[in-house]
Amino acid sequence: MLSKVQSCAVIGLEGALVEVELDISNGLQAFQIVGLPDTAVNESRERVRSAIKNSGCLFPFKRVIVNLAPADLRKEGPAYDLPIAVGILVASQQIMIDEQEVGKMLFLGELSLDGALRHTNGILPMVALASDKHVSTIFVPAADAMEAALVQGVTIYPVETLGQLVAHLNGERRIEPYVPNLRILEETELVLFGQDMAAVRGQEHVKRALEVAASGGHNLLMSGPPGSGKTLLARATPSILPRMVIEEALDVTKIYSVSGMLPADKPLVLQRPFRAPHHTISHAGLVGGGRIPRPGEISLSHRGVLFLDELPEFGQNVLEVLRQPLEDKMVTISRAQGTVTYPANFILIAAMNPCPCGYYGDPMRECSCTSNTIMRYQKRISGPLLDRIDIHVEVPRIDYEKLADKRKAEDSATIRVRVQAARERQLQRLTGTKLTCNAEMGPAEVSDFCAVDDSGEKLLKAATKQLHLSARAYHRVLKLARTIADLAGNEMIQANHIAEAIQYRPRVGT
């Protein structure tokens, strides 16, 4: 007999419907899977065989052929275990259900040998695709029901075991649909942060720069001697970022679902990501890749912060691949099997010492590096990459008086209120576009939304000529000034906003 069951594949972050066709015929006993399966899919033969037997059903002693269509799409992972098992039981008439009824259902999940269903990666994008394709009944592992229920307009059935599913489809014992907890979408404020800006003594100008960066989504580079607070400031940045809207949260959740990094008890990522890879990271680890492409650190930090500490210590090839994602907010990975695109809209925060010993320009300790050593060290970061960083700020040594000051510093919650207000002004201004913050604006949006008064125009003209600003640098100054004006609550960019934006340009070169 022939049966057809619907399942799904994940390509990048998007789902693709897969039809599991199964034919049972007389002949020598065999169990074969075709349709470009990888090793994990091929191994499902043994998992499915054992799961069916241990669930109280009979595995047919006949010739079993499974075709995963479309045949030119590579099938990866163990999510096809459940649809293959259901197809076998339907074709062998152990599940008595109409063929058209089965065609309206989607089955996802990995089987263990005893018939229990295990957690499966990528449930959210697969269920989202099913909703788009008007498949409204979806069976998923019980462990993944909370994640699947984030998609509206579908009925999710949490399945514990294969035997339980067989009883449900045969009308013997019903599985109750999963009822989502809608409160999870409202609990965006219940987020704990590892560091608070109040813990940082002094460095008010750096805190201001971080506030501007968080408000407009701008990239930032801190330079200063060891122990001046660069890492602490960077790790406190997530505590001042604006809260994610539901669309952003779902985008981030998709990435973590496909990567297998989504916590079982937290199906929706509510906190903006903060990723801090070590400087020994590989090219593929940072941007994504591998034989089977997977998201890298820049995609895992989507809608959040990517912190690169000791920036010059990263390999030059690794740093140069950041150029395109910083500009396009996405990364495309090409392999022999195909091309996938991952989002990479993150705030880059980098920290570095001014020289190898760390004390070049420090008033208290003498630098032991030669001028050539300092030059080679600083040239590890290319000019084009520096040009894509909007804010350059010096982080000097902290004086004893500030360290010993008992007065309470401004906390992150207070700063976050100002950042949130500025971000809401931007969202309102950018209504009708796909943009969410000032840093994402292109030249057309800069022309439309960055109106400068007369005094600001004069200052900008003088700065462009004296600092020899490139076209990119000119637009970045305007976008930065737009954010500073938003923090001040001004619709028109004024001279003081331009002056602060220019102050954040690198001191040497542009």
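Name every residue in the stretch 454-497 that is in contact (Cβ under 8 Å) with a residue 60 or more places away in the chain, open to solvent by less than 30 Å² (accessible area, probe 1.4 Å), within 14 Å of Met441 (Cβ to Cβ) and out of contact with any strand residue (DSSP E or B) (no Cβ under 8 Å at 6 or more places or on another chain), in order of residue number.
Listed by number, the residues that qualify are Arg476, Lys479, Thr483, Asp486.
Among (1) part of a helix (DSSP H, G or I); (2) of a type in the set (S, T, N, Q); (3) surrounded by fewer than 19 Cβ atoms within 10 Å (Cβ to Cβ), there is one condition Gln426 misses while meeting the rest; what is its number?
(3)
Hey, does the stretch 153-162 have a residue that's open to solvent by 30 Å² or more (accessible area, probe 1.4 Å) and part of a helix (DSSP H, G or I)?
No: zero hits.
Could you say which residue among Ser92, Ser112, Ser136 is farther than 28 Å from Pro263 by Cβ and hydroxyl-bearing (Ser, Thr, Tyr)?
Just one listed residue meets the conditions, Ser92.
Select from the stretch 232-274 the residues that are closer than 30 Å to Leu221 by Cβ, of a type in the set (D, E, K, R) and not in a helix (DSSP H, G or I) and list them in ascending order.
Across the stretch 232-274, the qualifying residues are Arg243, Arg272.
Please count how many residues of the stretch 369-401 are touching a residue at least 60 places away in the same chain (Cβ under 8 Å) and part of a helix (DSSP H, G or I).
Selection size over the stretch 369-401: 7.
Have a look at Ala413, Ala409 and point out the one that is surrounded by fewer than 14 Cβ atoms within 10 Å (Cβ to Cβ) and among the aliphatic types (A, V, I, L, M).
On inspection, the qualifying residue turns out to be Ala413.
Go through (1) farther than 21 Å from Arg45 by Cβ; (2) surrounded by 16 or more Cβ atoms within 10 Å (Cβ to Cβ); (3) hydrophobic (A, V, I, L, M, F, W, C) one by one and return the number of the condition Ile84 breaks.
Of (1) farther than 21 Å from Arg45 by Cβ; (2) surrounded by 16 or more Cβ atoms within 10 Å (Cβ to Cβ); (3) hydrophobic (A, V, I, L, M, F, W, C), only one is false for Ile84: (1).
From the residues in the stretch 288-307 that are on the phi > 0 side of the Ramachandran plot and over 14 Å from the mean Cα position of the chain (by Cα), which one is least open to solvent (accessible area, probe 1.4 Å)?
Gly289
Which condition does Leu73 not pass, out of (1) open to solvent by less than 10 Å² (accessible area, probe 1.4 Å); (2) within 33 Å of the chain's Cα centre (by Cα), if it passes all the others?
Status for Leu73: all satisfied but (1).
Being in contact (Cβ under 8 Å) with a residue 12 or more places away in the chain, part of a loop (DSSP other than H, G, I, E, B) and either under 17 Å from Gln94 (Cβ atoms) or of a type outside the set (D, E, K, R) (or both) is true for just one of Phe61, Phe31. Which residue is that?
Numbers: Phe31 fails: part of a loop (DSSP other than H, G, I, E, B).
After ruling out the rest, the residue left standing is Phe61.
Out of the residues in the stretch 316-368 that are within 18 Å of Thr436 (Cβ to Cβ) and without any contact (Cβ under 8 Å) to a residue 40 or more places away in the chain, state the one that is least open to solvent (accessible area, probe 1.4 Å).
Pro325
When you check Ala69 against the structure, is it among the small types (Gly, Ala, Ser), in contact with a Ser or Thr (Cβ under 7 Å, 6 or more places away or on another chain) and farther than 24 Å from Ala264 by Cβ, yes or no?
no
Could you please let me know if Ala501 is of a type outside the set (Phe, Trp, Tyr), within 21 Å of Ser223 (Cβ to Cβ), buried (at least 21 other Cβ atoms within 10 Å of the Cβ) and in contact (Cβ under 8 Å) with a residue 12 or more places away in the chain?
Values: of a type outside the set (Phe, Trp, Tyr): yes; within 21 Å of Ser223 (Cβ to Cβ): yes; buried (at least 21 other Cβ atoms within 10 Å of the Cβ): yes; in contact (Cβ under 8 Å) with a residue 12 or more places away in the chain: yes.
Yes.
Any idea how many residues of the stretch 9-28 are farther than 30 Å from Val331 by Cα and in contact (Cβ under 8 Å) with a residue 40 or more places away in the chain? Give the steps one after another, and end with the answer.
Taking the stretch 9-28 first, the residues farther than 30 Å from Val331 by Cα are 20-28.
The next check asks that each one be in contact (Cβ under 8 Å) with a residue 40 or more places away in the chain; those that pass are 20-25.
Count: 6.
Checking the structure you have, find out if any residue of the stretch 225-235 is of a type in the set (D, E, K, R) and surrounded by 24 or more Cβ atoms within 10 Å (Cβ to Cβ). Steps first, please.
Pass one, the stretch 225-235, residues of a type in the set (D, E, K, R): 230, 235.
Subset that is surrounded by 24 or more Cβ atoms within 10 Å (Cβ to Cβ): 230.
Scanning the stretch 225-235, I find at least one residue that is of a type in the set (D, E, K, R) and surrounded by 24 or more Cβ atoms within 10 Å (Cβ to Cβ), so the answer is yes.
Of all residues being assigned to a loop (DSSP other than H, G, I, E, B) and under 17 Å from Arg388 (Cα atoms) in the stretch 475-506, which is modelled with the lowest pLDDT? Just the residue, please.
Step one: filter the stretch 475-506 for residues assigned to a loop (DSSP other than H, G, I, E, B), giving 489-492, 494, 504-506.
The next check asks that each one be under 17 Å from Arg388 (Cα atoms); those that pass are 504-506.
Working: Tyr504: 94, Arg505: 89, Pro506: 83.
Filtering first and then ranking leaves Pro506.
Out of the stretch 259-291, which residues are more than 22 Å from Gln195 (Cβ to Cβ) and touching a Lys or Arg at 6+ places or on another chain (Cβ under 8 Å)? Please lay out each step first, then the result.
First pass over the stretch 259-291, keeping only residues more than 22 Å from Gln195 (Cβ to Cβ): 259-260, 262, 264-265, 267-268, 280-291.
Result: Ser259, Gly288, Gly289, Arg291.
For the stretch 111-152, what are the residues that are open to solvent by less than 40 Å² (accessible area, probe 1.4 Å) and charged (D, E, K, R)?
Those that are open to solvent by less than 40 Å² (accessible area, probe 1.4 Å) and charged (D, E, K, R): Asp144, Glu147.
Is there a residue in the stretch 41-57 that is without any contact (Cβ under 8 Å) to a residue 24 or more places away in the chain, in a helix (DSSP H, G or I), buried (at least 16 other Cβ atoms within 10 Å of the Cβ) and not aliphatic (A, V, I, L, M)?
yes
May I ask you to list the residues in the stretch 236-281 that are in contact with a strand residue (DSSP E or B) (Cβ under 8 Å, 6 or more places away or on another chain) and surrounded by fewer than 20 Cβ atoms within 10 Å (Cβ to Cβ)?
Asp251, Ser259, Arg275, Ala276, His279
The values are calculated or read from the model by the stated rules, or taken from the named source; none is laboratory data. Everything numeric in this text was worked out from a predicted model, so none of it was measured. So basically every Cβ, Gly included, is an ideal-geometry build from the backbone, and we count neighbours across all protein chains shown. Remember, those area values only see protein heavy atoms, side chains included, never the ligands or the DNA or RNA. Shrake-Rupley method; radii C 1.70, N 1.55, O 1.52, S 1.80 Å.
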